[in-house]
Amino acid sequence: MSQQRIEVTLAGQKITLATSTEHEPLLRAACALVDEQIKMAINGGNRSIERASMMAAIKIAGDLIKAQSTETNTPVQNTSSNLNSEEVSRLHDEIRSLEEQVDVLMQTLSLPGSPRPIVP
């Protein structure tokens, strides 16, 4: 699996991400979804990229939980109890990795002189 760099746009900011060739389509689709949700949050009144990004993450997570509960025919509140400890550990690792990526992006977006606030 060779790594490559791709450029995507999130909230009007171009960012470069590393991915494998086989995961590129999924990563691009995920970025497009996140970008769409951030734009919706901004259009809904959120004035900062940070807040819009958090709202987008919450919306996407809620959609995922709802979809998982529909697939397994379990109520939403019981979804987390259906995960085994190995899956929970894997998800925690994935969340940590995503948080690190967001931290790097937020530092980049917060550099003096970089485009930052989104003003209607």
Residue set SER81, SER89; condition small (Gly, Ala, Ser), assigned to a helix (DSSP H, G or I), surrounded by 11 or more Cβ atoms within 10 Å (Cβ to Cβ) and at pLDDT below 80; output residue SER89
Taking the stretch 1-35 and keeping only residues that are polar (S, T, N, Q), under 17 Å from SER97 (Cβ atoms) and surrounded by 13 or more Cβ atoms within 10 Å (Cβ to Cβ), one is left with THR19
In the stretch 24-78, which residue that is touching a Ser or Thr at 6+ places or on another chain (Cβ under 7 Å) and β-branched (Val, Ile, Thr) is modelled with the highest pLDDT? ILE38
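The values are calculated or read from the model by the stated rules, or taken from the named source; none is laboratory data. Here the structure is a predicted model, which is why all the values come from computation and not from measurement. Neighbour counts are summed over all protein chains in view; Cβ atoms, including those assigned to glycine, are modelled from backbone coordinates with ideal geometry.
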